[in-house]
Amino acid sequence: MIIAIDGPAGSGKSTIAKMLAREFGFTYIDTGAMYRAVALKVKRAGIDPSDEKAVLKLMENTDIKLEPAENGVRVFLDGEDVSGLIRTEEIGKIASQIARFSQVRKRLVQMQRELGLKAKNAVIEGRDTGTVIFPDADVKIFMTASPEERANRRYRELVQRGLDVSYEKILTEIKERDRLDETRKDSPLRPAEDAVIIDTTGKELNQVFQEVLQLVKKRMTQK
């Protein structure tokens with residue numbers, strides 16, 4: 001079974017995807033982490049994220065691996081564990097920039113499909129898992145929430161880590177990432193036609209999880 005969960009940053013899709021994978025013993029695949037890994041390499045190399053040829057050249061000798069971890073997945077870039085390094089707002093923004101390039105997406109989508117097919121039973125989350133990577137997924141979910149709700153979640157998360165951050169800046173960055181993701185020419189962020197849309201605004205985590213869990217269990221009985 002392939003479960004595809006899409007949605008914008010901060011919608012809760014990563015947390016729900018991890019919980020589902022643990023619940024059923026499925027492989028968890030974070031497609032966004034792969035774009036973030038490339039984004040980190042772009043930043044380290046001092047490459048302009050808007051230079052498609054330079055980004056593609058860099059990817060020619062780039063190895064990305066995902067390994068299961070207690071808290072989801074460990075991400076390896078050219079053999080280095082970069083799991084923590086790729087989770088910054090800056091890297092997220094670069095990832096959205098390079099994700100606009102068709103050839104970048106083509107290369108990573110191929111890797112993501114191979115991971116899903118190898119796993120057989122997987123929960124895959126990202127921006128285009130139900131529309132492009134696995135259009136025939138058994139379950140397609142599109143999770144969303146208001147920009148203000150998502151910014152507030154991110155703000156609380158960073159404050160808990162002891163970071164000095166601005167809610168207004170986070171909200172601005174989230175809106176900009178939404179704009180980049182929704183307006184890119186290749187595989188824009190949008191729900192698949194047969195996806196179940198779940199708005200998580202104002203909902204507790206367990207409430208959302210139970211909603212998704214019942215949906216998946218219902219599909220399982222139909223297979």
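The values are calculated or read from the model by the stated rules, or taken from the named source; none is laboratory data. Because the structure is a prediction, the values reported are computed rather than measured. Glycine gets a Cβ as well: all are built from the backbone with ideal geometry, and neighbour counts include every protein chain shown.
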Single residue of Ile29, Ile47 found to be surrounded by 14 or more Cβ atoms within 10 Å (Cβ to Cβ), touching a helix residue (DSSP H, G or I) at 6+ places or on another chain (Cβ under 6 Å) and within 17 Å of Leu115 (Cα to Cα): Ile29
Flag for Gly84 being closer than 26 Å to Arg154 by Cα and either aromatic (Phe, Trp, Tyr) or not in a helix (DSSP H, G or I) (or both): yes
Yes/no for Ala4 being in a helix (DSSP H, G or I), of a type outside the set (D, E, K, R) and modelled with pLDDT of 95 or more: no
Any chance Ser14 is hydroxyl-bearing (Ser, Thr, Tyr), under 26 Å from Arg154 (Cα atoms) and in a loop (DSSP other than H, G, I, E, B): no
Qualifying positions in the stretch 173-223 - outside any helix (DSSP H, G or I) and farther than 29 Å from Glu89 by Cα: Glu193, Asp194, Lys223
Residue within the stretch 123-134 that is assigned to a helix (DSSP H, G or I), touching a strand residue (DSSP E or B) at 6+ places or on another chain (Cβ under 7 Å) and more than 30 Å from Ile64 (Cα to Cα) present: no
First in the stretch 198-223 and within 12 Å of Met19 (Cα to Cα), second anywhere and loosely packed, with under 15 Cβ neighbours inside 10 Å, Cβ under 8 Å, 6 or more apart: Leu213/Glu23
The stretch 57-80, residues that are assigned to a strand (DSSP E or B) and under 18 Å from the mean Cα position of the chain (by Cα): Ile64, Lys65, Leu66, Glu67, Pro68, Ala69, Gly72, Val73, Arg74, Val75, Phe76, Leu77
Selection status of Thr131, surrounded by fewer than 21 Cβ atoms within 10 Å (Cβ to Cβ) and touching a Ser or Thr at 6+ places or on another chain (Cβ under 9 Å): no
In the stretch 1-51, residue nearest to Glu70 (Cα to Cα) [restricted to those that are without any contact (Cβ under 8 Å) to a residue 12 or more places away in the chain and not aliphatic (A, V, I, L, M)]: Arg22
